[in-house]
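Read through the structure below, which is laid out as structure tokens, and then see the notes.
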Amino acid sequence: MTTIEREFTAAVVTVSDRGFSGEREDGSGDLLEELLVEAGAGTVARVVVPDERQQIADALRKLCREDRVDLVITTGGTGLVPRDVTPEATRDVIDREAPGIAEAIRAQSMKITPRAMLSRSVSGVCGESLIINFPGSPKACAESFAVVRSVLGHALELLGGAGGECAR
Ligand code: MTE
């Protein structure tokens, strides 16, 4: 797989009560960092937050508005458990939703497992950053990354202000 032409900055936000308290290793975060570097990310910031809407939103806001990271991938907290609030926190910070990304992840993932329909993940733009929610397991992260990998370059190009090249 070729790397994305323009070097970009990325962050992985792991949303997990057990990860935050140190009870669980951040295998999904490690995997996503690896995949992002392989895709051409120059830096990958790592943040672990508990399943708390405000803390998730604060972390996302800082990464997008202050650190101006190009791409933020969250992992975890997208399901139906009452404490799963990553989509709500993401909606709190995004300016515009990019529903096609989450739709594609769900549609492609459902070819692998019908349980993919249980993820409420969303994606959208915050300032000039793209935020994408992934489910929490390393398996789901690998499968979700494989879905978005091919469009990341163009998505980041568009967010960086490049326009009118979509006909290629
Ligand atoms: N998507 C993919 N690609 N692969 C998976 O194994 N697991 C599903 C779903 N999406 C899964 C997936 C399951 S079992 C759940 S409960 C939801 O994601 C939500 O996961 P989360 O609460 O860890 O975010």
Could you tell me which of the residues Gly100, Gly124, Gly77 is in a strand (DSSP E or B) and among the small types (Gly, Ala, Ser)? Gly124
The range 107-140, residues that are of a type in the set (D, E, K, R) and either at positive phi or surrounded by fewer than 17 Cβ atoms within 10 Å (Cβ to Cβ) (or both): Lys111, Arg115, Glu128, Lys139
Residue that is farthest from the ligand (Cβ to nearest atom), among those in the range 133-151 that are over 23 Å from Asp84 (Cα atoms) and small (Gly, Ala, Ser): Ser150
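Here's the yes/no breakdown for (1) more than 16 Å from the ligand (Cβ to nearest atom); (2) touching an Asp or Glu at 6+ places or on another chain (Cβ under 7 Å); (3) open to solvent by less than 10 Å² (accessible area, probe 1.4 Å):
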{"position": "Ala10", "(1), (2), (3)": "yes, yes, yes"}
{"position": "Ser21", "(1), (2), (3)": "yes, no, no"}
{"position": "Gly42", "(1), (2), (3)": "yes, yes, no"}
{"position": "Ile56", "(1), (2), (3)": "no, no, yes"}
{"position": "Cys64", "(1), (2), (3)": "yes, no, yes"}
{"position": "Val72", "(1), (2), (3)": "no, no, yes"}
{"position": "Arg83", "(1), (2), (3)": "no, yes, no"}
{"position": "Thr90", "(1), (2), (3)": "no, no, yes"}
{"position": "Asp95", "(1), (2), (3)": "yes, no, no"}
Among the residues of the range 1-50 satisfying the criterion of being assigned to a loop (DSSP other than H, G, I, E, B) and in contact with a strand residue (DSSP E or B) (Cβ under 6 Å, 6 or more places away or on another chain), which is modelled with the lowest pLDDT? Glu7
Could you go through the range 128-146 and let me know if any residue there is more than 12 Å from the chain's Cα centre (by Cα) and in a loop (DSSP other than H, G, I, E, B). yes
Could you tell me whether Arg6 is within 18 Å of Arg68 (Cα to Cα) and surrounded by fewer than 19 Cβ atoms within 10 Å (Cβ to Cβ)? yes
Give the residues of the range 115-132 that are more than 10 Å from the ligand (Cβ to nearest atom) and out of contact with any Asp or Glu (no Cβ under 8 Å at 6 or more places or on another chain), sorted by residue number. Ile131, Ile132
Filter the range 80-94 down to the residues that are closer than 15 Å to Asn133 by Cα and not in a helix (DSSP H, G or I) and list them by number. Leu80, Asp84, Val85, Ile94
Out of Ile105, Ile112, which single residue is more than 24 Å from Asp58 (Cβ to Cβ), assigned to a loop (DSSP other than H, G, I, E, B) and within 11 Å of the ligand (Cβ to nearest atom)? Ile112
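The values are calculated or read from the model by the stated rules, or taken from the named source; none is laboratory data. Please read all numbers here as calculations on a predicted model, not as lab measurements. Glycine gets a Cβ as well: all are built from the backbone with ideal geometry, and neighbour counts include every protein chain shown. Note: areas computed on protein heavy atoms with side chains; ligands, DNA, RNA excluded. Shrake-Rupley method; radii C 1.70, N 1.55, O 1.52, S 1.80 Å.
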